[in-house]
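For reference, the structure is listed below as structure tokens.
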Amino acid sequence: MARPTSRKHHEALLAFARSIIARVDEGPVSRRVSPSAARAQIEERFDLEAGAPAEAVLRQVEDVLRRFAVQVTHRRYFGLYNPSVLPESVAAAALVAAYNPQEAAYGHAPGAIEMERAALGHLAALVGYDDDAWDGHFTSGGQEANLTAVAVALDHTFPTWRTEGVRSLGGQPTLYVAAEGHHSLAKAARVTGLGDGSVRWVPVDASHRMNAASLAAQMREDREAGHLPFLVVATAGTTGTGAIDPLLAIADLAEREGLWLHCDAAWGGGALLSPRLRHHLSGVERADSVTWDAHKWLSTPMGAGAFLCRHRRAVEHALAVESGYMPPPREGADDPHRASLQWSRRAAGVPVLAALATRGTEGYAQLIEHQTRMGAVLRQRLVAEGFIVVNDTPLPVVCFTHPKLVEGADESRTPGDVYRHVEDGGDAWLSVVTMPGGERTLRACITSYRTTEDDVDRLVRAVVSALDALDAVDAR
């Protein structure tokens, strides 16, 4: 049988990706399934001893993925930031899996490494880093990128940390993150040996942003106690409410105090692609390092986080080790394993390059601004139905409640009950979030570039229907 031409091969990959995307939208967003039922299905479908034809196995794999999951790529998934994926990035991910380039050493995969570097360079330029000064690499996600930031900041601040460890520092290093910041920083503190006690969760203001005055006061208190402040993390787009910390004020303070400034823009970094939104991240260019997850607002497959740094050799200085088994370095090229927590890894940045090269900056701006408009539409529709929006952000996430939903006052009228009713209906999916004051509210985030006004209306109808159902229960 003749082999398909290269063009037909690539057309088939794109057609496959588009068909999966369309099939997801045809079904419900979620089906509730118990762990025992899921395990039973896997045991029934897959005989790991006897084996089966690959085509049959793949049909079963797809059926399990389709039937037993919250479909995060669905147009009406309004939950945590797991986006609909762009078909060109899915096709590129399939090519990466098939060729399986080894990116630890430059000589093994110069093409893949340079494609990733081109994508990273584009993101670094959007952040505002100088062409000849930045460094960076793709990561498994924001957790790894934030862990890298802690390690690099320790190495930059304390000359003995790399060789003698935390015990050589003569005091408790402290790092600062807003109370609404990401808890990956808590894990990073544990992994680096600093412990939970090193993390200062700084209070937030009425807009859920880090309070710069509280940050300064906490730093001053720590210094007086003999502690060693070394890192402040400003968040550009918190997971819960989409808050953007006051980047300029925090940058001024970090510079004055001599602290490494890291910006966790895992989600909000996408705003830098939009001329209408990028001003909300003014000051990000002053950060020593940045986390930016392409697998969030850039709509590429999971596992494509990024760590960017405006100090060319800082990451390598903190993480490089010597070995006798790796190939010798190529002149004029850097081996990725020397400046990354990962050693062997997949070329997660190639799908990002494919998406950037397909859409271009203007195309991405249109996708991101469309999602932002849908967020504004959602706010308007909810308010018109008597709901109360309780967060303030330019990003498309809406935290909302209703006068009937008072946590603790009436156990049949909690946000959790509304969430479960909507989830059971299967037509949409949203989440519940705990606000800084402790109150629980509903949360809906526009995560799909394909979400339309009709999809937003269907979500609102589902939430209103949930409230009506609770009223009907109370009336019995």
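The values are calculated or read from the model by the stated rules, or taken from the named source; none is laboratory data. Quick caveat: nothing in here was measured; it's all calculated off a predicted structure. Heads up, the Cβs are rebuilt from the backbone with ideal geometry, glycines too, and the neighbour counts pull from every protein chain shown.
Listed values, structure above:
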| quantity | calculated |
| --- | --- |
| Members of the range 18-39 found to be part of a helix (DSSP H, G or I) and either surrounded by 12 or more Cβ atoms within 10 Å (Cβ to Cβ) or of a type in the set (Asp, Glu) (or both), listed by number | 18, 20, 21, 23, 24, 25, 26, 38 |
| Some residue of the range 375-397 being more than 20 Å from residue 71 (Cβ to Cβ), part of a strand (DSSP E or B) and within 28 Å of the chain's Cα centre (by Cα) | yes |
| Which listed residue is in contact (Cβ under 8 Å) with a residue 24 or more places away in the chain, surrounded by 18 or more Cβ atoms within 10 Å (Cβ to Cβ) and out of contact with any strand residue (DSSP E or B) (no Cβ under 9 Å at 6 or more places or on another chain), from 351, 327, 275 | 351 |
| Of the criteria (1) farther than 20 Å from residue 77 by Cα; (2) of a type in the set (S, T, N, Q); (3) assigned to a helix (DSSP H, G or I), which one residue 344 fails | (3) |
| Answer from 214, 168 - the residue that is modelled with pLDDT under 95 and either surrounded by fewer than 19 Cβ atoms within 10 Å (Cβ to Cβ) or not assigned by TED's automatic domain parsing to the domain that holds residue 257 (or both) | 168 |
| Verdict on residue 262 being assigned by TED's automatic domain parsing to the domain that holds residue 116, out of contact with any Lys or Arg (no Cβ under 9 Å at 6 or more places or on another chain), surrounded by fewer than 23 Cβ atoms within 10 Å (Cβ to Cβ) and not in a loop (DSSP other than H, G, I, E, B) | no |
| The range 89-117 residues that are free of Cβ contacts under 8 Å to residues at least 60 places away in the same chain, paired with ones that are buried (at least 16 other Cβ atoms within 10 Å of the Cβ) (beta carbon under 6 Å, 6 or more apart) | none |
| Of all residues making up the range 319-343, the number that are in contact with a helix residue (DSSP H, G or I) (Cβ under 8 Å, 6 or more places away or on another chain) and either of a type in the set (S, T, N, Q) or on the phi > 0 side of the Ramachandran plot (or both) | 2 |
| Matching entry among 288, 392 (being over 27 Å from residue 95 (Cα atoms), touching a strand residue (DSSP E or B) at 6+ places or on another chain (Cβ under 6 Å) and acidic (Asp, Glu)) | 288 |
| Subset of the range 230-250 (residues that are farther than 24 Å from residue 302 by Cβ, surrounded by fewer than 24 Cβ atoms within 10 Å (Cβ to Cβ) and in contact with a strand residue (DSSP E or B) (Cβ under 6 Å, 6 or more places away or on another chain)) | 230 |
| Criterion: assigned by TED's automatic domain parsing to the domain that holds residue 242 and closer than 22 Å to residue 397 by Cα - qualifying residue of 308, 378, 341, 298 | 298 |
| Of the criteria (1) charged (D, E, K, R); (2) buried (at least 17 other Cβ atoms within 10 Å of the Cβ); (3) more than 16 Å from residue 272 (Cα to Cα), which one residue 359 fails | (3) |
| Pair list, Cβ under 8 Å, 6 or more apart: the range 32-59 residue over 21 Å from residue 71 (Cα atoms), other residue exposed (fewer than 12 other Cβ atoms within 10 Å of the Cβ) and modelled with pLDDT of 90 or more | none |
| Enumeration of residues in the range 40-58 that are surrounded by 12 or more Cβ atoms within 10 Å (Cβ to Cβ) and either in contact with a Gly (Cβ under 8 Å, 6 or more places away or on another chain) or among the charged types (D, E, K, R) (or both) | 45 |
| Positions within the range 415-452 being assigned to a loop (DSSP other than H, G, I, E, B), of a type in the set (Val, Ile, Thr) and surrounded by fewer than 20 Cβ atoms within 10 Å (Cβ to Cβ), in sequence order | 452 |
| Answer residue from the range 282-296, given it is crowded, with 24+ Cβ neighbours inside 10 Å and not charged (D, E, K, R) and is farthest from residue 312 (Cα to Cα) among those | 295 |
| Any helices (runs of 4 or more DSSP H) falling wholly within the range 128-229 and containing at least 3 residues that are within 25 Å of residue 438 (Cβ to Cβ) and touching a residue at least 24 places away in the same chain (Cβ under 8 Å) | 184-191, 212-224 |
| Residue in the range 86-94 that is more than 20 Å from the chain's Cα centre (by Cα) and assigned to a loop (DSSP other than H, G, I, E, B) present | no |
| Of the criteria (1) out of contact with any His (no Cβ under 8 Å at 6 or more places or on another chain); (2) under 24 Å from residue 86 (Cα atoms), which one residue 422 fails | (2) |
| Single match in 109, 124 (criterion: buried (at least 16 other Cβ atoms within 10 Å of the Cβ), touching a strand residue (DSSP E or B) at 6+ places or on another chain (Cβ under 9 Å), assigned by TED's automatic domain parsing to the domain that holds residue 293 and more than 23 Å from residue 70 (Cα to Cα)) | 124 |
| Residue check for residue 118: on the phi < 0 side of the Ramachandran plot, surrounded by 21 or more Cβ atoms within 10 Å (Cβ to Cβ), under 21 Å from the mean Cα position of the chain (by Cα) and not basic (Lys, Arg) | no |
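This table checks each residue for (1) closer than 27 Å to residue 279 by Cβ; (2) touching a helix residue (DSSP H, G or I) at 6+ places or on another chain (Cβ under 6 Å).
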| site | (1), (2) |
| --- | --- |
| 97 | no, no |
| 103 | no, yes |
| 114 | no, no |
| 120 | yes, no |
| 125 | yes, no |
| 130 | yes, no |
| 133 | yes, no |
